[in-house]
Amino acid sequence: MTEQSEYTPPKVWVWNKASGGQFASINRPIAGATHEKELPVGRHPLQLYSQGTPNGVKVTIMLEELLALGHRGAEYDAWLIRIGNGDQFGSGFVAINPNSKIPALVDRSEPKPVRVFESAAILMYLAEKFGVFLPTERAARAECLSWLFWQMGSTPYIGGGFGHFYAYAPTKIEYAIDRFAMETKRLLDVLDRQLAQHKYVAGNDYTIADMAIFPWYGGLVKGWSYNGAEFLSVHEYKHVNRWADMLLERAAVRRGRMVNRTSGEPSSQLHERHDAGDFETKTQDKLEPAS
Ligand SMILES: N[C@@H](CCC(=O)N[C@@H](CS)C(=O)NCC(=O)O)C(=O)O
């Protein structure tokens with residue numbers, strides 16, 4: 001095992017130094033706003049404040065799917081919250097999500113604006129509001145919600161565990177990488193076995209469970225996350241690969257992946273979405289002067 005410097009935890013932990021690593025500047029041990037900043041409000045019923053990370057993309061896929069079905073009430077403004085710049089600690093954002101994480105949604109079509117935070121809560125809220133992508137029959141609903149919450153419970157081990165120690169931590173710690181690579185592979189195998197038996201995650205129908213799981217687990221097998229595809233031998237999960245490719249054939253999934261995205265090909269980044277036509281005219285390749 002790689003040599004690690006000895007660390008004896010003090011009796012009481014105190015925040016007296018930056019933690020190091022890629023997200024050191026936004027990590028703090030206290031909640032609440034760091035600065036006053038109102039959130040902008042657009043003309044649509046739904047106002048989304050987010051960034052195109054896997055948790056953000058779940059919601060933009062759902063919104064694009066709802067619009068594809070013709071639900072005009074799902075028209076939305078997607079505002080960019082740059083988490084690397086600390087926008088999630090502005091007073092307006094903290095008022096709609098005291099946990100200071102994207103995504104957060106405000107539904108202004110209700111008599112009093114409704115705030116929703118936590119991506120699964122947002123998916124459920126929209127599924128219930130529009131009556132789609134969440135089965136109503138009790139057993140099918142239980143299966144869908146089981147997988148939805150499997151995603152919510154499991155992916156911190158992928159993002160905060162594997163991704164953090166494999167890609168972002170200032171030193172490579174073999175013990176931590178082993179522990180979370182093992183868990184990530186086990187989770188991929190759980191999903192692979194389910195998808196060996198079912199077309200979609202929760203059965204024959206496409207649901208919010210697919211939308212929640214795809215950006216994380218689809219992202220791993222498609223090699224979008226942490227440069228970890230080869231390390232994790234993701235080709236082994238052939239049913240997850242089959243399912244991810246099938247979802248990528250959906251135009252709404254492809255659009256959802258573009259919204260609030262700040263990395264990758266400029267033509268794939270739509271920093272803010274205020275109109276369906278923005279996908280054609282406002283991607284970064286169209287906004288940035290050609291170099
Ligand atoms: N359980 C939350 C997790 C949200 C989350 O971790 N969001 C990250 C981006 S993917 C974030 O906003 N990080 C900013 C920070 O930690 O300060 C959800 O599913 O909505």
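The GluC sites (Glu not before Pro) of region 169-247 that meet both conditions, a loop assignment by DSSP and at most 13 other Cβ atoms within 10 Å of the site Cβ, are Glu230. Per 0.36 nm of contour for each residue apart, how much would the distance between Trp15 and Lys282 grow if the chain were fully extended, relative to their Cα-Cα spacing? Going from the current span to full extension adds 91.9 nm. Region 92-133 and region 153-187 have Cα centres separated by 29 Å. Using only side-chain charges placed at the Cβ, +1 for Lys and Arg and -1 for Asp and Glu, the dipole size of region 42-111 relative to its Cα centre rounds to 140 debye.
A dipole drawn for the chain from +1 and -1 charges on Cβ atoms has a positive end, and of Ala169, Tyr237, Val94 the residue lying farthest that way is Val94. Ile102 sits among other residues whose Cβ lies under 12 Å from its own Cβ, and their net charge, with Lys and Arg +1 and Asp and Glu -1, is +1. Ordered by the number of other Cβ atoms lying within 10 Å of each residue's own Cβ, fewest first, Met62, Met152 fall into the sequence Met152, Met62. The alpha carbons of region 138-255 give a radius of gyration and a Dmax of 14.3, 48 Å, in that order.
A simple count of charges around Ser154, restricted to other residues whose Cβ falls under 13 Å of its Cβ and scoring Lys, Arg +1 and Asp, Glu -1, yields 0. A simple count of charges around Met124, restricted to other residues whose Cβ falls under 15 Å of its Cβ and scoring Lys, Arg +1 and Asp, Glu -1, yields -2. Basic side chains Lys and Arg get +1 at the Cβ, acidic Asp and Glu get -1 at the Cβ, and with that the dipole of the chain about its Cα centre reaches some 360 debye. Contact order for the chain, expressed relative to its length and based on alpha carbon pairs under 8 Å spaced 6+ residues apart, stands at 21 percent.
Just tell me, in residue order, which DSSP H segments of the chain are both 20 angstrom or longer along the helix axis (alpha-carbon based) and at least -0.5 in mean Kyte-Doolittle hydropathy. Membrane-span-like by this rule: 54-68, 138-156, 174-197. Filter the trypsin sites (Lys or Arg not before Pro) in region 44-97 down to the DSSP loop ones having no more than 16 other Cβ atoms within 10 Å, then list what survives. For trypsin sites (Lys or Arg not before Pro) across region 44-97 that sit outside H, G, I, E and B with at most 16 neighbouring Cβ atoms in 10 Å, the list reads Arg82.
Counted by neighbouring Cβ atoms within 10 Å, the residues Trp216, Trp13 run from fewest to most as Trp13, Trp216. By the count of neighbouring beta-carbon atoms within 10 Å, fewest first, His271, His71, His35 end up ordered His35, His71, His271.
Since every read-out is calculated from the coordinates, none of them should be taken as a lab result. Just so you know, these numbers come straight off a predicted model, no measurement behind them. Counting neighbours? That spans all protein chains shown, and the Cβs are built from the backbone with ideal geometry, glycine included.
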